[in-house]
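Every number in this text was worked out from the coordinates using simple rules, so none of it is lab data. Being a predicted model, the structure only gives us computed values, none of them experimental. Virtual Cβ from ideal backbone geometry, glycine too; neighbours counted across all protein chains shown.
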Amino acid sequence: MIIGSNIIFRENLPSTNSYIGQLLRDENLPEGTIVCTNYQSAGRGQMGNNWESEDGKNLLISILTLPSMIKPVNQFIISMAMSLGICDFLNRHIRGYSIKWPNDIYVNSDKIAGILIENSIMGDNIEYSITGIGLNINQDKFLSDAPNPVSLKLLTGNYFDLTISLDQLASDLDLRYKQVISEKFDLIRNEYISKLYRRNKWSNFRDQEGIFTGRILSVTEIGKLHVEKKSGLQAEYSFKEIEFIP
Ligand code: BTN
């Protein structure tokens, strides 16, 4: 086991991603180290957003990996593998999950997990990668203005033991990370594409030209979203260049 070989638990932290980064400055952590907490006072989401999580209700973790086999240009592979690991965990309990590009995990049209990946690039190599995951498990009420949060408890009515869930998630992420190590890049990308939210479904998006109807076809090797517009035109988008309209 790589992911989960070393687990550091703290009762509360500002942010597990920031904390693992601080630890790395002072010591050599083994690859696969997971930092886990019950509560974050400054949990960070994508695009400078906060990550809401009630004390002791959900999984809040950051994972250190050293993916020396990946060139920075291909760093999206890490994102795809981690997204799939979370899907594998969800598959133990529910159906209807999908990956909203680039790496939100949805169940039907609600968000159950978010991923914040922070890579340290040195020249042409990834020195280390920190994958932060917030996975909603037992929270019943969400107070922030996040549009559509959901948890396993809300979906199933059941309470989940967080220690067991962490073990399962670590093992699912570990299997996916081993696919990265053995360079099964096509397998990872194809499976990721097959699980994309709104793939092949005509729906509304917004790009710099305005709102349009389109359908997601695929994701390129460097992680751009490949979309066909109703007009027949095709386009590839980087993160923030396209918005999903509900
Ligand atoms: C998103 O905006 O969807 C990404 C959310 C990522 C949240 C997790 S919780 C654990 C880790 N520590 C953080 O501060 N953020 C990530």
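Observations on the structure shown:
- Of 177, 116, 138, farthest towards positive along the dipole that unit charges on Lys, Arg, Asp, Glu beta carbons give segment 96-178: 138
- Translational diffusion of the chain, µm² s⁻¹ [Kirkwood Rh, Cα pairs; Stokes-Einstein; 10 °C; 1.306 mPa s]: 86
- For GluC sites (Glu not before Pro), the sites in segment 22-83 that DSSP calls loop and that have at most 15 other Cβ atoms within 10 Å are 27.
- Three semi-axes describe the equivalent ellipsoid of segment 42-126; taken as square roots of 5 times the Cα gyration tensor eigenvalues and ordered largest first, they are 24, 16, 12 Å.
- Sites listed here are trypsin sites (Lys or Arg not before Pro) in segment 47-132 whose DSSP assignment is loop and whose Cβ has at most 12 other Cβ atoms within 10 Å: 92, 95.
- All other residues whose Cβ lies under 12 angstrom from that of residue 83 are scored, Lys and Arg at +1 and Asp and Glu at -1, for a net of 0.
- Relative contact order computed over the chain (Cα-Cα under 8 Å; 6+ residues apart), in percent: 18
- With a cut-off of 14 Å between beta carbons, the residues surrounding residue 108 carry a summed charge of +4, where Lys and Arg count +1 and Asp and Glu -1.
- Across every pair of non-identical alpha carbons in segment 124-246, the mean reciprocal distance, once inverted, gives a Kirkwood radius of 17.6 Å.
- Neighbour-limited loop hits for trypsin sites (Lys or Arg not before Pro), segment 137-246 (at most 12 other Cβ within 10 Å; DSSP other than H, G, I, E, B): 141, 201, 230, 240
- The aspartates and glutamates within cross-link reach of residue 230, meaning a Cα-to-Cα straight distance under 20 Å and a gap of 8 or more places when in the same chain, are 207, 209, 241, 243.
- Listed residue pairs exceeding 20 Å between alpha carbons, taken from 71/229; 71/195; 100/240; 100/141: 71/229; 71/195; 100/141
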